[in-house]
């Protein structure tokens, strides 16, 4: 896996002060992407043990709230194994720090991919969906276009978790969508409180 940069004390990509890793590799090539050079999986530098230690040194600082993973796409197939391993190590070393991840894949796609679903054991927030220039809205929080969804993941134990998101229903009303899922079972949707 390659990465383009690491940003320390990032206040733009998640809550609090963060360390942000921008990985290389994305097959979506969304028009208007804010980071198009990272679509090439060979762009930037190799992610090594030294790189990982640099991230850990930043996460050691009390004022750093967590790790943010951006790109490119952390869930680009060539990145998945290393990203999942990194997230696992971060959660083991820093259980009180959160992990945010931006991906062009949809939550439903990832949860049904055998090599992806374990990422949800470690990440706390996932912003999913490709960037769509025609839906760009600079007023949106944590996302670039209105088709993207911010998912908060609550772990209940090692085998299942609850995911919550504020979405628009087909009729245009706002609703909270809860997903209860088990690692070895299909996802179940529960639509709740209209806002």
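The values are calculated or read from the model by the stated rules, or taken from the named source; none is laboratory data. Keep in mind that what you see is a predicted model, and the values were worked out from it rather than measured. For neighbour counting, all protein chains shown are included, and Cβ atoms are generated from backbone atoms with ideal geometry for every residue, glycine included.
Numbers for the structure displayed
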read-out	value
Test result for residue 14, part of a loop (DSSP other than H, G, I, E, B), in contact with a strand residue (DSSP E or B) (Cβ under 9 Å, 6 or more places away or on another chain), under 14 Å from residue 101 (Cα atoms) and at pLDDT below 95	yes
Residue in the stretch 96-114 that is modelled with pLDDT of 95 or more and more than 13 Å from the chain's Cα centre (by Cα) present	yes
Criterion: in contact with a strand residue (DSSP E or B) (Cβ under 6 Å, 6 or more places away or on another chain) and either at positive phi or buried (at least 21 other Cβ atoms within 10 Å of the Cβ) (or both) - qualifying residue of 86, 70	70
Hey, residue 7 within 16 Å of residue 68 (Cβ to Cβ), in contact (Cβ under 8 Å) with a residue 40 or more places away in the chain and in a strand (DSSP E or B) or not	no
The one condition in (1) surrounded by 14 or more Cβ atoms within 10 Å (Cβ to Cβ); (2) in contact (Cβ under 8 Å) with a residue 12 or more places away in the chain; (3) over 16 Å from residue 1 (Cα atoms); (4) out of contact with any helix residue (DSSP H, G or I) (no Cβ under 8 Å at 6 or more places or on another chain) that residue 34 fails to fulfil	(1)
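Here's the yes/no breakdown for (1) surrounded by 14 or more Cβ atoms within 10 Å (Cβ to Cβ); (2) without any contact (Cβ under 8 Å) to a residue 40 or more places away in the chain; (3) touching a helix residue (DSSP H, G or I) at 6+ places or on another chain (Cβ under 9 Å); (4) part of a loop (DSSP other than H, G, I, E, B):
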position: 19; (1), (2), (3), (4): yes, no, yes, no
position: 25; (1), (2), (3), (4): yes, no, yes, yes
position: 29; (1), (2), (3), (4): no, yes, yes, yes
position: 38; (1), (2), (3), (4): yes, yes, no, no
